[in-house]
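Here's the structure we're looking at; comments come further down.
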Amino acid sequence: MVKIAATSLTVLFLAISAANAQVTKLDPSKYPEINVVPPVNSPQVQTWLKELGDLSAAPKFPLRVGAPPECAPKKIEGECVWTCDNCPADDITVCNAPNTWGLTFDDGPSVETPRLLNYLKTNKLTASFFLIGSNVIQHPEIVQDEVKDGHHLASHTWSHSALTTLTNEQIVAEMKWTELAVMEATGKKLKYMRPPYGDINNRVRFILKKMGYIPVDWTGDEFDTNDWRYTVSMTAPQVIGNFTKSLDAYVANPGTKGFYCLEHDVSKPVVDMALQLLPLGIARKLNFASVAGCENDANPYQNGVAPPATNGTPGATGSAGGAQPTGTGPSTGGPKIVSSSAGSTSFSVSVGLAAAAAAVVGTMLF
Ligand SMILES: [Zn+2]
């Protein structure tokens, strides 16, 4: 009798666990081809476009060409290309907290991401992960682990194509498929995004804002860690040496804002490099925070399901260790279109040279 009761309880427990479990596998057949700009004539994209409404008020500029596009010899009035015109408009480019390294990793998730997550957990650091939708559908369980560890999720498009080269409708498809994948994996509707290659102009900004997205660039050439050059065109001492100079210059004259670095978690070399660069910030007693922490955004998703997890954060006077990763709110089920207004922060940066130089390398990540 006792044995039967115990068995029944076990079955009940397993049933409840299964009901509460998040989706660990997404069905790729429901999604577009990976790493390719999704078609805009699919019923799903057509539905999204209809929900978004009229896009004809978007500024009109010729589609730029290249991957990433080269800068035009002459600036186009009102286009405001971040990487070419030194024009961030109201993109976020600095961490809105003093003495703080705004920790962001782009292009994942990948099989190398768990190694980075382990390091972050050990050191009680919280980051924002700018996810590529094509990778999310292949590794949803890693994205779920990122949430479980208190990290913040953001978008880096579906196929990592340069957005100024795409039509308005293609931009919507890139963002919405990624949004759906993350929503299906975690229940969170993304709110922040980083344009691949930092490639953004006022037309792209208009479309992104229409969808409720806030662009987050990075704090200029000196905070591009160049992790993506490691094993391609730079040695480890070169990458580490250059970034050490940037950190030392910041620490010598920190001002009132922190900075966002460009880092990646898409391959072994870039994760290896992250594990060598992060200790440099820890040694200099910098605080670390995700975008949610830097922006002190209590609702860092469009469906507002999770508070920001921060460490040593905005305005905080504590140590770099700071708060423990926080738990996350309940999942909210299926996708739902909600719009929200974009925040604004405006700072001058210069990334044109880096983009131009990177274009020559050919294997740039950005
Ligand atoms: Zn990227």
message: Which entries of 74/176; 189/285; 30/268; 148/285; 124/191 have Cα-Cα distances beyond 31 Å here?
response: 74/176; 189/285
message: Above 31 Å lies some portion of the pair distances; for region 92-319, what is it as a whole percent of all C-alpha pairs?
response: 14 percent
query: On full extension of the chain, what length is gained from residue 249 through residue 235, given 0.36 nm per residue of separation minus the C-alpha to C-alpha distance?
result: 2.9 nm
statement: With R₀ set to 30 angstrom, the calculated FRET efficiency between the beta-carbons of residue 24 and residue 46, to the nearest 0.05, is 0.50
field: Sites residue 268 and residue 77, calculated FRET efficiency, Cβ-Cβ separation with R0 45 Å, nearest 0.05
entry: 0.50
field: Charge sum, other residues only, whose C-beta stays under 15 Å from residue 31's C-beta, Lys/Arg counted +1 and Asp/Glu -1
entry: -2
Estimated inter-spin distance, residue 280 and residue 60, nm [label 7 Å along Cα→Cβ]: 4.7 nm
query: Considering only the other residues whose Cβ falls under 10 Å of the Cβ of residue 168, what net charge follows from Lys and Arg at +1 and Asp and Glu at -1?
result: +2
field: Linear extension gain, residue 242 paired with residue 123, 0.36 nm per residue minus alpha-carbon span
entry: 40.5 nm
message: Place a point 7 Å from the Cα of residue 111 along the Cα-to-Cβ direction; which residues of region 133-150 have their backbone N under 14 Å from it?
response: 138-139
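Bear in mind these aren't lab numbers, they're just calculated from the coordinates by the rules spelled out. These numbers were taken from a predicted model, which means no experiment stands behind them. Backbone-built Cβ (ideal geometry, glycine too); neighbour counts: all protein chains shown.
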